[in-house]
Amino acid sequence: MKLISLLRSALAALIVGVAPAVAGVADIVIGQVAAFSGPLAPTGTHMRAGAQLYFDAVNAEGGVHGARIRLISKDDGYKTDETVRLARELLKESRPLAFIGFVGTGNVEAMLEKKVLSDAGIPLIAVRTGAASVVQRNDPLLFLTRASYAEEVQKIIDQYATTGYTRFAILYQDDAFGRDVLGSTEQAISKAGGTLLATDSYPKNTTEVGAAVKTIAAAKPQAVIMIANTAASAEFLKQS
């Protein structure tokens, strides 16, 4: 529900901002490139569902100055090269007014580094990342709707501190996302006076966490901070 609420707020702001420009237009195309297959498919699917739910509600009320909102989504499988390729393909084929709901730190970074947004002159709204490498860019075409990962993990560690948990281990995804949050988590543990007993990773786009389970279990932490996608987190819990 929180995700849908955030998307609704972001989309409402977009619609209000573009309304004068779309009078007389048959369709307002919004583009999305996200993971609808692979380990991160649930996240991409939920992002799409939240956006579509709101667009359907707007269209049911007559759209925006009579123009209907049409969401076109493409599956990048959580692969950064595919994110850029499919975004450019979508721009060429459908000429979207804006992008929404992209998933993944490295995927969003690639969009910015390859200048896909600036070259097209369109915004990207409500991305599924809170990495410092994205948040601190202050890109005028990137609109964030969530707290940073650093803020989130600090709250998690602070909460553990109130319950007397001081011995931690970290599981992280070995990519831009995982390494970004790993640094923030290490800092948060140190700031709270905790001890980091073990750290291990798993490859992106997999659920290969077996080795990490053994490493972390051997350290006997009181709590494990998982910087991981849904499928990998679930697999870690199954094997623990």
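Taking 12 Å as the straight-line reach from the Cα of Lys114, the aspartates and glutamates in range (excluding those fewer than 8 positions away in the same chain) are Asp81. If R0 is taken as 25 Å, the Cβ-Cβ distance between Ala57 and Glu93 corresponds to a FRET efficiency of 0.45.
Which GluC sites (Glu not before Pro) in the range 131-240 sit in a loop by DSSP (not H, G, I, E or B) and have at most 16 other Cβ atoms within 10 Å of their own Cβ? All intermediate terms of the calculation are to be shown ahead of the outcome.
Numbers: sites: Glu151, Glu152, Glu186, Glu208, Glu235; in loops: Glu208.
Loop-located and lightly packed - Glu208.
Compared with the dominant principal axis of the Cα atoms in the chain, helix 149-162 is inclined by about 40°. When the C-alpha to C-alpha distance is required to be over 25 Å, the pairs from Lys79/Lys115; Lys92/Lys115; Lys115/Lys155; Lys74/Lys238 that qualify are Lys115/Lys155; Lys74/Lys238. By how many degrees, between 0 and 90 and to the nearest 10, does the Cα long axis of helix 176-191 differ from the longest principal axis of the chain? Here the helix axis deviates by roughly 50 degrees.
Highest GNM mean-square fluctuation among Asn205, Asn107, Asn59, for the chain modelled with Cα contacts below 10 Å: Asn59.
Given that just one value was derived from the coordinates, which of [x] 20.5; [y] 19.6; [z] 19.1 is Kirkwood radius over Cα pairs in Å? Read-out from the structure maps to [z]. Estimated purely from DSSP H runs of n ≥ 4, each contributing -39500 (n - 2.57), the mean residue ellipticity at 222 nm for the chain is -15500 deg cm²/dmol once divided by its residues.
Values in this text are rule-based calculations from the coordinates and carry no lab data. Just so you know, these numbers come straight off a predicted model, no measurement behind them. Every residue, glycine among them, receives a Cβ derived from its backbone with ideal geometry; neighbour counts consider all protein chains shown.
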